[in-house]
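The values are calculated or read from the model by the stated rules, or taken from the named source; none is laboratory data. Only a predicted model underlies this, so the values are computations on that prediction, with no experimental measurement involved. Positions of Cβ are backbone-derived with ideal geometry, glycine not excepted, and every protein chain shown enters the neighbour counts. Areas reflect the complete protein model, heavy atoms only, side chains present, ligands, DNA and RNA absent. Shrake-Rupley method; radii C 1.70, N 1.55, O 1.52, S 1.80 Å.
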Amino acid sequence: MLTISEIFHSIQGESTYAGAPCVFVRLAGCDLRCSWCDTPYAFTGGRKMAVEDVVAAVKAFGVDLVEITGGEPLLQEDVYQLMAALIDRGATVLLETGGQMSVDRVPESVVKILDVKCPGSGESGRNHWPNLEILSPRDQVKFVVSDRADYDFARQVVARHGLESRCAAVLLSPVHGVLPPADLARWILADGLRARLQLQVHKYIWGAHVRGV
Ligand code: SF4
């Protein structure tokens, strides 16, 4: 069984898949409290669903791109069964994880979108650093950046772990409404960083505080 916050069909707003129609499965519960978290409603509640019922709900949308997110999806053991079932049915599966738990049991064909928490989140002490050593070339590493100190932290992590060449993309995302995207753009360009500035497209389409999109 899984505890599900919501399942919905929308436009993918992040990662190299931004802009693509996607089904989102949001699992309830998180053991972090990032200062800028935009889904605190997923911390609690949710409804119990059997894995096969989640798979059926996803398939009903007729879209073969699926993101499993949260909350923190890896807190629920049956998420591994869900990933396997979706892969078996031919879906492209993205896993958005906060980076505080090991990803070593995530199936190889799942695209991991792995957060590295910057100091401004208040949770940088929880980063599980061994995750950066087991990335596959299709995986993506995301830093949510609230200020220059966060950017400098991200740049140092990228350099220390050789991320520009070891994964599909380094994603830098300014905290919406806090860090002007132009500031982050200038810093990336000045440093010649091989990273993607991502703007959480869904917030521009639907609004910043709309749930279930
Ligand atoms: S890990 Fe994600 S869901 Fe959990 S507090 Fe941080 S941003 Fe929110």
Check your understanding: Do any cysteines of the chain lack a neighbour Cys whose Cβ is under 4.7 Å away, and which are they?
Key -> 22, 30, 118, 167
**Study point:** Listed peptides 149-155, 65-71 by packing density, highest first (mean Cβ within 10 Å)
**Key:** 65-71, 149-155
Study note, to complete from the structure: Pseudo-spin-label distance residue 182 to residue 109, built 7 Å along Cα→Cβ, given in nm, is 4.6
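Net charge around residue 198, counting only other residues with Cβ within less than 12 Å of its Cβ (Lys, Arg = +1; Asp, Glu = -1)?
Values: positive: 142, 196, 203; negative: 14.
Combined, the nearby Lys, Arg, Asp and Glu give +2.
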Review point. Hey, rough spin-label estimate for residue 38 and residue 60, points 7 angstrom out along Cα→Cβ, what's it come to in nanometres?
Key: 2.7
Study note, to complete from the structure: Counting Lys and Arg as +1 and Asp and Glu as -1 over every other residue whose Cβ sits under 9 Å from the Cβ of residue 96, the net charge comes to -1
**Study point:** For the chain, calculated [θ]222 nm from helices alone, where every DSSP H run of n ≥ 4 adds -39500 (n - 2.57)
**Key:** -7000 deg cm²/dmol
Study note, to complete from the structure: Sequence order, segment 188-205: Karplus ³J(HN,Hα) from phi using 6.51 cos²θ - 1.76 cosθ + 1.60, θ = phi - 60°, Hz rounded, Gly and Pro as x, gives 4, 5, 5, 8, x, 6, 8, 9, 9, 7, 10, 10, 6, 3, 4, 6, 7, 6
Practice item. Cross-chain or 8 or more residues apart, Cα under 22 Å: how many lysine pairs in the chain fit that? Count them up, please. Key: 7
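Taking 1 over the mean of 1/r across every pair of different Cα atoms in the chain, what Kirkwood radius in Å do you get? Could you put the intermediate results ahead of the total?
Numbers: mean 1/r = 0.0576 Å⁻¹.
Here the Kirkwood hydrodynamic radius works out to 17.4 Å.
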Practice item. Return one whole number: the accessible area per residue of segment 1-153 in Å², for a 1.4 Å probe. Key: 39
